[in-house]
There are 2 protein chains.
Amino acid sequence: MITIPYPKGHKIKVRNKIVESAAQAFRASGIQDVSVPFIMKGAGLTHGGFYAHFDNKEQLVAEACRYAISDTIALLRKVADQEKQNPKINTVIDYYLSPYHRDNTEMGCIIPALSGEISRCSEEVRQVFTSELERMVSFISTLAEVDTSKGSALFSTMVGSLVLARSVNHSELSDNLLSAGKKYAKELAMT
Amino acid sequence: MITIPYPKGHKIKVRNKIVESAAQAFRASGIQDVSVPFIMKGAGLTHGGFYAHFDNKEQLVAEACRYAISDTIALLRKVADQEKQNPKINTVIDYYLSPYHRDNTEMGCIIPALSGEISRCSEEVRQVFTSELERMVSFISTLAEVDTSKGSALFSTMVGSLVLARSVNHSELSDNLLSAGKKYAKELAMT
DNA sequence: TATAATATATTATGATCATCATATTATAAA
DNA sequence: TTTATAATATGATGATCATAATATATTATA
């Protein structure tokens, strides 16, 4: 006789909450700066239960990356679908390089947020990152109606502009970095 | 009577060695992942002496960033001056987006290496980063003979391409990201 | 060679981390 | 209501960190 305490699907829901908490914290503060206790607190739990859900922190990093990028692609798709007149890619570029996206790292695209750190992660994490990045480039290329070569250069410009705009300590310079990125990303998409 | 133990300028030399060790380690492994003891070992010292040279780790981060970016600009200047025929900017783009630069993070440009992490550093570090980035954009713009708006978009493309090329776990995709970045960065510089 | 001042090493402190062992709580079914 | 057990919490472990206090080593000059 098998008894099932706690409602059906309870553990999966909690697990998802942990992944969401981690995805937000990693984007806000990087991977190394965020502790397991902090992530668990963000999910409304204490640190001890973590290892009932994940083998180790690295596994959570991989899941959080997958979750965050999928989420961002879905959001950008929604942003693109809202606009009917302009080239849709322009709407996406405008959103990606908006002050709002720059200033709300914890809710935004995880690629510029973690960027440099990913190259130092485990193979498992990099594998997830690679396949999700391919999906992102594919999405951008399709939307801009360009081949994936131009699409990847376009996305590189978007990522680079956002990263630089976030790193400087001078709001006017930061705005200019965003504006320049927007202008030339759109040019690239059109030619 | 003032006696001067240790050769004149000894401490400054040691201090510079610490900065160099830090600049290399930070580029290779990020800021948070690199400990003060590790940096001191890299300079041939033990950790205790650190606070005779710096108030805290953050101060070293600022100095290491300044050192690394200046060093990179000087290197790119040398790379540009070697080539007499092609547009010099193309030589710099080719170097910046070469597999060599991608694969030797610890010797390369610190901007893509730390990228996301800088936005979470102290004001002091971000101030250094801001002024050094301005110098970099100015250098690139002058070399490409474009205004700083286009120059910053150009550098953003270079940084973004390198960051993405380093983060993926698939060498062909990584090479393609570099190639696409090179192609469209050069196009941007020429139009 | 002895000395005085400086540079570096050794050791200590208190905090935080990932991870694990064990205790407690919550709840579906009997 | 009781019971069995899954889910979570508490507390512990050993490692590593930034930083500081103190001890030792180094060397230019007297």
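If you take the residues in the range A:98-108 that are more than 12 Å from the chain's Cα centre (by Cα) and more than 10 Å from chain B (Cβ to nearest Cβ), which one is surrounded by the most Cβ atoms within 10 Å (Cβ to Cβ)? My answer is A:SER98.
Starting from residues that are basic (Lys, Arg) and modelled with pLDDT of 95 or more, keep the ones in the range B:8-60 and report whichever is surrounded by the fewest Cβ atoms within 10 Å (Cβ to Cβ).
Start the filter on the range B:8-60 by keeping residues that are basic (Lys, Arg), which leaves B:8, B:11, B:13, B:15, B:17, B:27, B:41, B:57.
When the remaining residues are screened for being modelled with pLDDT of 95 or more, the result is B:15, B:17, B:27, B:41, B:57.
Values: B:ARG15: 16, B:LYS17: 16, B:ARG27: 26, B:LYS41: 14, B:LYS57: 17.
The qualifying residue surrounded by the fewest Cβ atoms within 10 Å (Cβ to Cβ) is B:LYS41.
From the list A:LEU188, A:LEU154, the one residue that fits, being part of a helix (DSSP H, G or I), open to solvent by 10 Å² or more (accessible area, probe 1.4 Å) and either modelled with pLDDT of 95 or more or charged (D, E, K, R) (or both), is A:LEU188. Checking each residue of the range A:66-88 against the condition of being within 14 Å of chain B (Cβ to nearest Cβ), of a type outside the set (Ser, Thr, Tyr) and open to solvent by less than 60 Å² (accessible area, probe 1.4 Å) gives at least one match.
The set of residues in the range B:159-172 being more than 7 Å from chain A (Cβ to nearest Cβ) and surrounded by 24 or more Cβ atoms within 10 Å (Cβ to Cβ) consists of B:LEU162, B:ALA165. A single member of A:ILE118, A:ILE111, A:ILE140 is at the interface with another protein chain (Cβ under 9 Å from one of its Cβ atoms) and touching a Phe, Trp or Tyr at 6+ places or on another chain (Cβ under 7 Å), and it is A:ILE118. Scanning the range B:57-75 for any residue that is of a type outside the set (Gly, Ala, Ser) and within 13 Å of DNA strand C (Cβ to nearest atom) turns up at least one such residue. Answer yes or no as to whether A:VAL92 is more than 9 Å from chain B (Cβ to nearest Cβ), touching a residue at least 12 places away in the same chain (Cβ under 8 Å), assigned to a loop (DSSP other than H, G, I, E, B) and touching a helix residue (DSSP H, G or I) at 6+ places or on another chain (Cβ under 7 Å). No. Of the residues making up the range B:20-43, those that are within 14 Å of another protein chain (Cβ to nearest Cβ), touching a Phe, Trp or Tyr at 6+ places or on another chain (Cβ under 7 Å) and either more than 9 Å from DNA strand D (Cβ to nearest atom) or in a helix (DSSP H, G or I) (or both) number 1. Just one of the listed residues (B:VAL137, B:VAL125, B:VAL146) is open to solvent by 10 Å² or more (accessible area, probe 1.4 Å), β-branched (Val, Ile, Thr) and under 14 Å from the mean Cα position of the chain (by Cα), and it is B:VAL137.
Given the criterion closer than 11 Å to B:ARG27 by Cβ and free of Cβ contacts under 8 Å to residues at least 40 places away in the same chain, identify the matching residue among B:ASN104, B:ASN86.
B:ASN104
The one condition from (1) in contact (Cβ under 8 Å) with a residue 40 or more places away in the chain; (2) within 12 Å of another protein chain (Cβ to nearest Cβ); (3) crowded, with 20+ Cβ neighbours inside 10 Å that B:ASP175 does not meet is (3).
Kindly evaluate A:LYS57 against the criterion of being within 14 Å of another protein chain (Cβ to nearest Cβ), within 13 Å of DNA strand D (Cβ to nearest atom) and closer than 27 Å to B:ILE31 by Cβ. Spelling it out, A:LYS57 is indeed within 14 Å of another protein chain (Cβ to nearest Cβ), within 13 Å of DNA strand D (Cβ to nearest atom) and closer than 27 Å to B:ILE31 by Cβ.
Checking each residue in the range A:100-116 for being within 25 Å of B:LEU162 (Cβ to Cβ) and either of a type in the set (A, V, I, L, M) or assigned to a helix (DSSP H, G or I) (or both) picks out A:HIS101, A:ARG102, A:ASP103, A:THR105, A:GLU106, A:ILE110, A:ILE111, A:PRO112, A:ALA113, A:LEU114, A:SER115, A:GLY116.
The values are calculated or read from the model by the stated rules, or taken from the named source; none is laboratory data. Please read all numbers here as calculations on a predicted model, not as lab measurements. Because the Cβ atoms are built from the backbone with ideal geometry, glycine has one as well, and the counts that use them run over all protein chains shown. To get the accessible areas, we keep the full protein, side chains included, count just its heavy atoms, and leave off ligands, DNA and RNA. Shrake-Rupley method; radii C 1.70, N 1.55, O 1.52, S 1.80 Å.
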